[in-house]
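For reference, the structure is listed below as structure tokens.
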Amino acid sequence: GIVGVFGYGGGVIGRYCDQPEKFPGVAHFHTVRVAQPSGKYYSADYLRQLCDIWDLRGSGLTNMHGSTGDIVLLGTQTPQLEEIFFELTHNLNTDLGGSGSNLRTPESCLGKSRCEFACYDSQAACYELTMEYQDELHRPAFPYKFKFKFDACPNGCVASIARSDFSVIGTWKDDIKIDAEAVKAYVAGEFEPNAGAHSGRDWGKFDIEAEVVNRCPSKCMKWDGSKLSIDNKECVRCMHCINTMPRALHIGDERGASILCGAKAPILDGAQMGSLLVPFVAAEEPFDEINEVVEKI
């Protein structure tokens, strides 16, 4: 880039005002990208220290988080960059993220730390690949940017299918597990659909046909009035039925991940989702199967 810290080619985005004499306060207004912790877990003490650094050495404006995923610190001057870098690395044990034509900062969802639908440890995968590709992250070697994102299940809480060149999305190979008695309890109104997430107003009696079966994109579900059946070979893992009736339906036991490539968001043409490249990998540490695909790309 046009400006940065010693030894790094990425992490700082140089921004300058084209009328510095008229607006000296923003003659420099560089953006610093800081690597976020896997799953975006912070302590209050860490956030206070981060804000203290930015109050002292930057504008105080932050973006938590940018669409790439990083902590984005907006607006500082060139003489402050090395000072910020020293404070981050020596006192907060935090590195810069990626920027420019290189590997961007990998990002993951909360994964197994909180989510009952997680099909693999997305936080561990994100950490392992971040460590593996530190050189590509900080010393741009590509003529393009390249993003990893890790979703532990098809709900896609970091939207990897739309926002990354290399998307790892949790999935399962066997059947959706059905608790027949819990299905009947939903139909009878004993359990709130969507775990009560939409209970702010009266939507009327739960209708399993209208709210679950008819909304299945591959039409693989049937309700005969007393029993719910799923043609699992037609299931596209959209998660809608599981999200609507989480006490009755659950992901399968043979879990892993799918790998997709090629998502992009061109301004004029609109978003393009990633294309399925590898239908299923076990996605277990040290994630060699994922690394193998990355290396070939």
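The values are calculated or read from the model by the stated rules, or taken from the named source; none is laboratory data. Remember, predicted model here, so these are calculated numbers, not experimental data. Virtual Cβ from ideal backbone geometry, glycine too; neighbours counted across all protein chains shown. With ligands, DNA and RNA removed, areas are computed over all heavy atoms of the protein, side chains included. Shrake-Rupley method; radii C 1.70, N 1.55, O 1.52, S 1.80 Å.
Only a single criterion out of (1) touching a residue at least 40 places away in the same chain (Cβ under 8 Å); (2) under 17 Å from residue 186 (Cα atoms); (3) touching a Ser or Thr at 6+ places or on another chain (Cβ under 9 Å) is not satisfied by residue 243, namely (3). Condition check for residue 217 on (1) closer than 13 Å to residue 247 by Cβ; (2) under 26 Å from the mean Cα position of the chain (by Cα); (3) open to solvent by 40 Å² or more (accessible area, probe 1.4 Å): one failure, at (1). Out of curiosity, is residue 144 open to solvent by 40 Å² or more (accessible area, probe 1.4 Å), in contact with a Ser or Thr (Cβ under 9 Å, 6 or more places away or on another chain) and either on the phi < 0 side of the Ramachandran plot or free of Cβ contacts under 8 Å to residues at least 24 places away in the same chain (or both)? In short, yes.
Quick one: would you say residue 259 is modelled with pLDDT under 95 and within 29 Å of residue 150 (Cβ to Cβ)? It is false that residue 259 is modelled with pLDDT under 95 and within 29 Å of residue 150 (Cβ to Cβ). Residues that are in contact with a helix residue (DSSP H, G or I) (Cβ under 9 Å, 6 or more places away or on another chain) and touching a residue at least 12 places away in the same chain (Cβ under 8 Å) within the stretch 180-191 comprise 183, 186, 187, 191, listed in sequence order. The requirement of being of a type in the set (Phe, Trp, Tyr), closer than 21 Å to residue 98 by Cβ and at pLDDT 95 or above is fulfilled somewhere in the stretch 51-63, by at least one residue.
Conditions tested, residue by residue: (1) surrounded by 14 or more Cβ atoms within 10 Å (Cβ to Cβ); (2) outside any helix (DSSP H, G or I).
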{"site": "137", "(1), (2)": "yes, no"}
{"site": "149", "(1), (2)": "yes, yes"}
{"site": "167", "(1), (2)": "yes, yes"}
{"site": "191", "(1), (2)": "yes, yes"}
{"site": "201", "(1), (2)": "no, yes"}
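Whether a residue is touching a helix residue (DSSP H, G or I) at 6+ places or on another chain (Cβ under 7 Å), in the same structural domain as residue 271 (by the TED database), open to solvent by 50 Å² or more (accessible area, probe 1.4 Å) and modelled with pLDDT of 95 or more was assessed, and residue 122 does not pass this test.
This table checks each residue for (1) closer than 30 Å to residue 241 by Cα; (2) in contact (Cβ under 8 Å) with a residue 40 or more places away in the chain; (3) surrounded by 23 or more Cβ atoms within 10 Å (Cβ to Cβ).
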| residue | (1), (2), (3) |
| --- | --- |
| 21 | no, no, no |
| 35 | no, yes, no |
| 69 | yes, yes, yes |
| 112 | yes, yes, no |
| 117 | yes, yes, no |
| 126 | yes, yes, yes |
| 131 | no, no, no |
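Report, by residue number, each residue of the stretch 1-44 that is closer than 18 Å to residue 60 by Cβ, part of a loop (DSSP other than H, G, I, E, B) and touching a Cys at 6+ places or on another chain (Cβ under 6 Å). Matches in the stretch 1-44: 23, 27. When you look at residue 209, is it over 22 Å from residue 121 (Cα atoms), among the acidic types (Asp, Glu) and outside any loop (DSSP other than H, G, I, E, B), yes or no? Judged against the criteria, residue 209 is a match. Applying a threshold of 6 Å to beta carbon distances and a minimum spacing of six or more residues, or different chains, the list of pairs starting in the stretch 158-169 at a residue that is closer than 15 Å to residue 39 by Cα and ending at one that is open to solvent by less than 10 Å² (accessible area, probe 1.4 Å) and among the basic types (Lys, Arg) reads 158/149; 160/149.
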